[in-house]
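To start, the structure itself, in structure tokens.
Just so it is clear, none of the values below were taken in a lab; they were calculated from the coordinates. This one's a predicted model, so the numbers in the text were calculated from it and none came from an experiment. Every residue, glycine among them, receives a Cβ derived from its backbone with ideal geometry; neighbour counts consider all protein chains shown.
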Amino acid sequence: MNPGDTPGENILLVGFMGAGKSSVGRLAARARGLQFVDLDREIERQAGCSIPDIFDRLGEEAFRQMETDALGHIEPGRGLVVSCGGGIVGSPLNRALLRELGFVVWLTATEEEIFDRVSRTPGRPLLQTPDPRATIGALLAAREPLYREVADLILDTTGRSFQSVVDALFDAYDRRAASAH
Ligand code: S3P
């Protein structure tokens with residue numbers, strides 16, 4: 001980037017656990033030479049322990065506060081690709097912050113696909129329940145209107161390669177940037 005260039009609008013990825021936010025985010029950042037921020041990893045770095053440990057030792061409320069703090073440290077117009085934890089849309093403050101921070105992309109997937117993906121990647125305290133499948137259904141139903149409220153773009157990832165999701169994302173991002181000029 002040259003001095004005086006503006007880095008461009010941030011891209012914020014939201015969506016349920018297992019929707020592909022980190023994978024899509026990393027790939028999108030690499031495709032355009034942008035900086036990738038994984039908010040969950042930032043929280044772990046700040047706390048000095050893993051998310052399951054934060055939930056265990058301090059509880060969900062403390063985690064939510066750390067999540068809001070981490071989001072609050074993102075500045076608008078920095079050209080970042082930010083992957084957010086699935087529950088970030090739970091608070092009205094976070095939803096307002098997301099909308100101020102840039103282009104919000106909601107990654108979706110069917111309940112079946114989410115269940116498949118999260119079963120392969122452990123470490124999600126909210127799914128340590130007797131019936132994780134039912135927990136996913138209930139959380140999805142509660143959160144869908146909240147994701148919809150903040151989304152500038154909705155992209156379904158079910159059965160698609162992450163690369164094709166990234167291509168669709170930048171089609172929309174570039175069109176939006178062009179129409180802003
Ligand atoms: C959460 C999702 C997780 C992580 C935490 C809580 C949620 O992130 O922030 O376990 O409330 O949905 P991912 O969506 O990246 O799994």
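Structural remarks
- With a requirement of 3 or more residues that are of a type outside the set (V, I, T), the strands (runs of 3 or more DSSP E) lying completely within segment 1-116 that satisfy it span 10-15, 35-38, 102-108.
- Filtered by the rule that a residue be away from the ligand (no atom under 12 Å from the Cβ) and surrounded by fewer than 20 Cβ atoms within 10 Å (Cβ to Cβ), segment 32-46 gives R32, G33, L34, Q35, F36, R45, Q46.
- D116 vs. criteria away from the ligand (no atom under 16 Å from the Cβ) and either touching a Pro at 6+ places or on another chain (Cβ under 6 Å) or not β-branched (V, I, T) (or both): no
- Evaluated against (1) under 23 Å from E149 (Cβ atoms); (2) surrounded by 20 or more Cβ atoms within 10 Å (Cβ to Cβ), A29 falls short on exactly one condition, (1).
- Subset of segment 128-149 [within 16 Å of the chain's Cα centre (by Cα) and in contact (Cβ under 8 Å) with a residue 40 or more places away in the chain]: L139, L140, R143, L146, Y147, R148, E149
- Residue in segment 82-89 that is buried (at least 22 other Cβ atoms within 10 Å of the Cβ), under 16 Å from Y147 (Cβ atoms), of a type outside the set (K, R) and more than 10 Å from the ligand (Cβ to nearest atom) present: yes
- Long-range neighbours under 7 Å by Cβ, at least six apart or interchain, first residue more than 20 Å from R120 (Cα to Cα) and touching a residue at least 40 places away in the same chain (Cβ under 8 Å) within segment 6-23, second within 9 Å of the ligand (Cβ to nearest atom) and in a strand (DSSP E or B): L13/S83
- Screening T129 with (1) out of contact with any strand residue (DSSP E or B) (no Cβ under 9 Å at 6 or more places or on another chain); (2) within 14 Å of the ligand (Cβ to nearest atom); (3) assigned to a helix (DSSP H, G or I) gives one miss only, at (3).
- Output for segment 90-100, where each listed residue is under 14 Å from P145 (Cα atoms) and either more than 9 Å from the ligand (Cβ to nearest atom) or surrounded by 19 or more Cβ atoms within 10 Å (Cβ to Cβ) (or both): S91, P92, R95
- Close pairs (8 angstrom Cβ cut-off, 6 or more residues apart or separate chains): without any contact (Cβ under 8 Å) to a residue 40 or more places away in the chain in segment 150-169, part of a strand (DSSP E or B) and among the hydrophobic types (A, V, I, L, M, F, W, C) anywhere: A168/L155
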